[in-house]
Amino acid sequence: MMTNRQRMDRVAKGQAPDRVPFVPSVYEHGARLIDTAPGPVSRDAEFMARAALKAYELYEHDIVTVGIDIYNIEPEALGCQVSKGDDGSIPGVKTHPLADATQLDIDRLAVPQVSPSNRLGVIEEACRRVYGEIGEKVWVYACMSGPFSQAVELRGFEQLIVDTIENPALVHQLLSKTTELSRQQAGRLSETGCGINLYESWATIPLITPALFKEYVVPYNRQVIDMVTGNYRTEPPAVIMGGNINLLVDFFIEVGTSLMAVDYKADFDLIKTRTAGTNIICRGCVDPKLIERHDWDTLQTSIDQLARKSRGMNNFVWGCGCVTYDTSANDLLRFKDMCLGA
């Protein structure tokens, strides 16, 4: 029986593991496991570490992610106001500080450093604690928002898309600034020993086009990934996003991601062909709401489709979208049994 780390090491090399790894997306669900709302957990390093460690104790999943509010720590540090998340919801961005400016002076946008006024150091400390506890046994990944998604939160999605048409140079200037923050934060998190998950939730298809992805996402994510791989001996960084990735597979290869989330409806023949000979891990994803709603029949259908489509892929791992706060531990364990029994 392999350890979690040994299993993922083999998958990353395209070698067959003893079983297909189980990699659910556990973020705000971790707060439930320690009987606390997501908001307080997202602002306290001890709580955040406890949530990740408790999840690993229960599920023994093959990649442990540290983070509750995985999208907003960097935008908040850049000046966005974020909700508290005191109920079962995660914190969310409430204001876009650059939305109303008709002519942006990007040079005046300062790259924030770790301070008591932001959470850049909170997740760093949580990662250090989790890696220190379980890093020898399992891959541990830190969570952070990607450069494009940070720019969206600062400017607002619709306005940023207009900017790509009317003033593309301005968008590139803004992305250079968010990329600098991303490089610095990725360095701090990599120092803990953890790998890096870059979340680009605003870069999904059909929110943007493949052409926009190529121009405004790929080169800036590449800068972050190259910095990490060039300076740290951690697991390779991953770019995580949902949506239809059929049109983006080649861009994922170009950006150098180590893992991509693949919906069960995706064209696996295309993905197999494109990722052959690479070190990209394909995480098959089903709808986590099915687990929360106990829709086991529909969930089984999705799992069966993934099992059929991924047959023969040594780089495939089981997974799902963000496990909800309201999902019980027993239900996620049932989902794990269904995946490993497929």
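Taken across region 323-341, residues that are at pLDDT below 95, more than 22 Å from residue 9 (Cα to Cα) and of a type in the set (A, V, I, L, M, F, W, C) do not occur at all.
Within region 137-154, identify whether any single residue is surrounded by fewer than 16 Cβ atoms within 10 Å (Cβ to Cβ) and acidic (Asp, Glu), and answer yes or no. No, every residue in region 137-154 fails to be surrounded by fewer than 16 Cβ atoms within 10 Å (Cβ to Cβ) and acidic (Asp, Glu). Taken over region 260-285, the criterion of being over 23 Å from residue 226 (Cβ atoms), in contact (Cβ under 8 Å) with a residue 40 or more places away in the chain and in contact with a strand residue (DSSP E or B) (Cβ under 7 Å, 6 or more places away or on another chain) is satisfied by 264, 285. Take the residues in region 166-188 that are modelled with pLDDT under 95 and out of contact with any Asp or Glu (no Cβ under 9 Å at 6 or more places or on another chain); name whichever of them is farthest from residue 125 (Cα to Cα). It comes out as 166. Is it true that some residue in region 66-83 is within 19 Å of the chain's Cα centre (by Cα), β-branched (Val, Ile, Thr) and farther than 28 Å from residue 156 by Cβ? Among the residues of region 66-83, at least one is within 19 Å of the chain's Cα centre (by Cα), β-branched (Val, Ile, Thr) and farther than 28 Å from residue 156 by Cβ, which makes the answer yes. Going by the conditions given, is residue 284 of a type in the set (Gly, Ala, Ser) and part of a loop (DSSP other than H, G, I, E, B)? The answer is no for residue 284. Which members of region 228-281 meet the condition of being of a type in the set (Phe, Trp, Tyr) and within 22 Å of residue 202 (Cα to Cα)? If the condition is that a residue be of a type in the set (Phe, Trp, Tyr) and within 22 Å of residue 202 (Cα to Cα), then 251, 252, 264 are the ones that fit. Of the helices (runs of 4 or more DSSP H) lying entirely inside region 1-73, those containing at least 3 residues that are surrounded by 24 or more Cβ atoms within 10 Å (Cβ to Cβ) and not polar (S, T, N, Q) are 28-33, 45-59. The residues of region 209-259 that are without any contact (Cβ under 8 Å) to a residue 40 or more places away in the chain, in a loop (DSSP other than H, G, I, E, B), of a type in the set (Gly, Ala, Ser) and farther than 20 Å from residue 273 by Cβ amount to a single one, 243. When every residue of region 302-318 is checked against the conditions, none turns out to be under 30 Å from residue 185 (Cβ atoms), in a helix (DSSP H, G or I) and either of a type outside the set (D, E, K, R) or at pLDDT 95 or above (or both).
The values are calculated or read from the model by the stated rules, or taken from the named source; none is laboratory data. Note that the structure is predicted; figures quoted are calculated from it, not measured. For neighbour counting, all protein chains shown are included, and Cβ atoms are generated from backbone atoms with ideal geometry for every residue, glycine included.
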